[in-house]
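Read-outs throughout are calculated quantities, based only on the coordinates presented, and are distinct from any laboratory measurement. Treat the numbers as computed from the prediction; the structure is a model and nothing was measured. Ideal geometry is used to build each Cβ from the backbone, glycine not excepted, and the neighbour counts take in all protein chains shown.
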Amino acid sequence: MSTYRIAVIPGDGIGKEVVPASLEALEATAARFGLRLELTGFGFASAEYWQRHGTMLPDDWEATLRGFDAILFGAVGWPAVVPDHISLWGSLLRFRRTFDQYVNLRPCRLMPGVRSPLAGRAPGDIDFLVVRENTEGEYSSVGGRIFEGTERETVLQETVMTRVGVDRVLRYAYELADRRPKRHLTSATKSNGIAISMPYWDERVAAMGESFPGVRVDRFHIDALAAEFVLHPDRFDVVVASNLFGDILSDLGPACTGTLGIAPSANINPDRTAPSLFEPVHGSAPDIAGRGIANPIGQIWCASMMLEHLGHPAAAAHLLGAVEDVLALGPGEAPLTPDLHGTGTTAELGHAVAERVRER
Ligand code: NAD
Ligand code: IPM
Ligand code: MN
């Protein structure tokens, strides 16, 4: 029997609700496929930890987490207690960089039973993957403030694109597109306005394309691409984007598929030199936290992506199939949460998926 050590970090807000709700379905899937999971929970990377320790992470966090096969993460950020740039740069963004999780893979799929806010769209019409660069780009700590407090006060923040950093995420995106039936890659750019870094990105997209003659590539400026996501989401297969553009597209895509609450993400270290981290796209949602109504599907789908990454695609597909079965029942038959037009709770929906995992 294979054994996997999983670090479980709920974080803040609804992270503390959707993570527990996802574990029953994950454990039911593991039992079904003969996988042993050793789950170890951690309270760091949270506002509560910050209040107690004045830091987001313990000194030995890196050595501790390196010992795990994967990390299942909820959400971090509680701006009423700790400013977001401190909590995020002190935890999640540190994990991504330290563990070289340079691909952030974010599927956008219109699921059966879920209504898109876009008119006339049915399951099958929206099914694409955003590949987001995850360790550099617009998210850089290069810059600062000068002449502070004077009329010449100036703030600079640099975009950093390295050849290694750009090429490795592009290679991943091309390889992924090459394995899919449509073999279609879309690159997000803005080389008309951001005239130093983005032409470089475009150049590397073209250069990498020479190794993938079977992949059809197109390129959209990010503003036009945002409009295209809404007007023609059926035209996309794999979309590759820099860190910030990928961040924006990966909230917009799931919104087109009905709710941010079902969207998963995998922060992947493809070279497997450190653990990968699986977290929903959404944040801690302070506006609904504590009410037990957050949608746990994004977190459960993350567990499925984690099983896939650990080398168990059949288990991953079984878990995602259970999610689809439950969603397909609709709010009349299944305890769907309010974002899916139901009256179910986080725990009820998590439980319904776990039951379906056992039945199917
Ligand atoms: P958010 O994603 O937390 O919430 C945006 C909206 O989506 C809210 O109206 C929320 O209620 C709704 N929503 C999100 N997840 C939902 C779910 N599972 N079910 C139902 N509705 C859901 O974004 P925000 O409000 O901009 O950020 C809140 C905090 O979370 C901030 O501190 C932010 O920095 C942080 N954040 C963390 C992550 C992360 O940990 N990966 C991601 C995004 C935001
Ligand atoms: C995400 C989040 C994070 C990001 C924030 C919270 C720093 O929005 O995972 O999409 O921008 O990467
Ligand atoms: Mn985001």
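Taking θ as phi - 60° and the Karplus parameters 6.51, -1.76 and 1.60, the scalar couplings of region 47-56 work out to 5, 5, 4, 4, 4, 7, 10, x, 9, 8 Hz in sequence order, x denoting glycine and proline.
The string of couplings for region 283-296 from the Karplus curve (6.51, -1.76, 1.60, θ = phi - 60°) is x, 7, 6, x, 5, 10, 4, x, 9, x, 10, 5, 6, x Hz, one whole number per residue in order, with x for Gly and Pro. With both residues required to sit in the chain, DSSP beta bridges show an antiparallel share near 40%. Once the Cβ-Cβ distance of VAL81 and ARG291 is raised to the sixth power relative to R0 = 25 Å, the FRET efficiency obtained is 0.85. Fully extending the segment from ARG272 to ASP167, taken as 0.36 nm per residue of separation minus the present Cα-Cα distance, adds 36.1 nm. Dimensions of region 1-109 along the principal axes, based on C-alpha atoms and rounded to the nearest Å, stand at 42, 30, 27, largest first.
Scan the chain and note any complete DSSP helix (H) whose C-alpha atoms cover at least 15 Å along its axis and whose Kyte-Doolittle average is 0.5 or more.
243-256, 297-309, 313-333
Each helix, a run of at least 4 DSSP H residues, gives -39500 (n - 2.57); summed and divided by the residues of the chain, these come to -12500 deg cm²/dmol at 222 nm. Using C-alpha pairs under 8 Å with a sequence gap of at least 6, the mean separation divided by the residue count of the chain gives a relative contact order of 24 percent. With only the Cα atoms considered, the chain has a convex hull volume of 149 Å³ per residue.
With only alpha-carbon pairs counted, each pair once and no self-pairs, how large is the Kirkwood hydrodynamic radius of region 260-308 in angstroms? When all Cα pairs of region 260-308 are included, the Kirkwood radius is 11.7 Å. Annotation for THR343 and GLN157: the two label points, set 7 Å from Cα along the Cα-Cβ direction, are 4.4 nm apart. What is the sum of charges, Lys and Arg at +1 and Asp and Glu at -1, for the other residues whose Cβ falls under 13 Å from the Cβ of ASP325? Taking every Cβ under 13 Å from that of ASP325, the sum is -1. Highest-first packing order for the peptide set 136-149, 219-232 is 219-232, 136-149, based on the mean count of other beta carbon atoms within 10 Å.
Given a cut-off of under 8 Å on Cα pairs at least six residues apart, what relative contact order in percent is computed for region 233-331? Here the relative contact order equals 21 percent. Taking 0.36 nm per residue of separation and subtracting the current Cα-Cα distance, fully stretching the chain between ILE146 and ALA195 would add 15.2 nm.
Taking amide hydrogens as placed 1.01 Å from N in the peptide plane, the amide H of THR337 sits under 5 Å from those of GLY342, GLY344, each at least 5 positions away in sequence or on another chain.
The antiparallel fraction among DSSP beta bridges confined to region 127-256 stands at about 30%.
Across region 127-256, Cα pairs under 8 Å and at least six residues apart give a relative contact order of 37 percent. Here region 206-222 is scanned for amide nitrogen atoms under 18 Å from the site 7 Å beyond the Cα of HIS232 along Cα-to-Cβ, giving 216-222.
Would you please classify the overall shape of region 237-360 from the alpha carbon gyration tensor, given that a ≥ b ≥ c denote the square roots of the eigenvalues, rounded means a/c under 1.5, and beyond that prolate means a/b larger than b/c while oblate covers the rest? Each step should come with its number before you reach the end.
Numbers: a/c = 1.88, a/b = 1.26, b/c = 1.50.
Oblate shape, in that a/c is at least 1.5 and b/c is the bigger or equal ratio.
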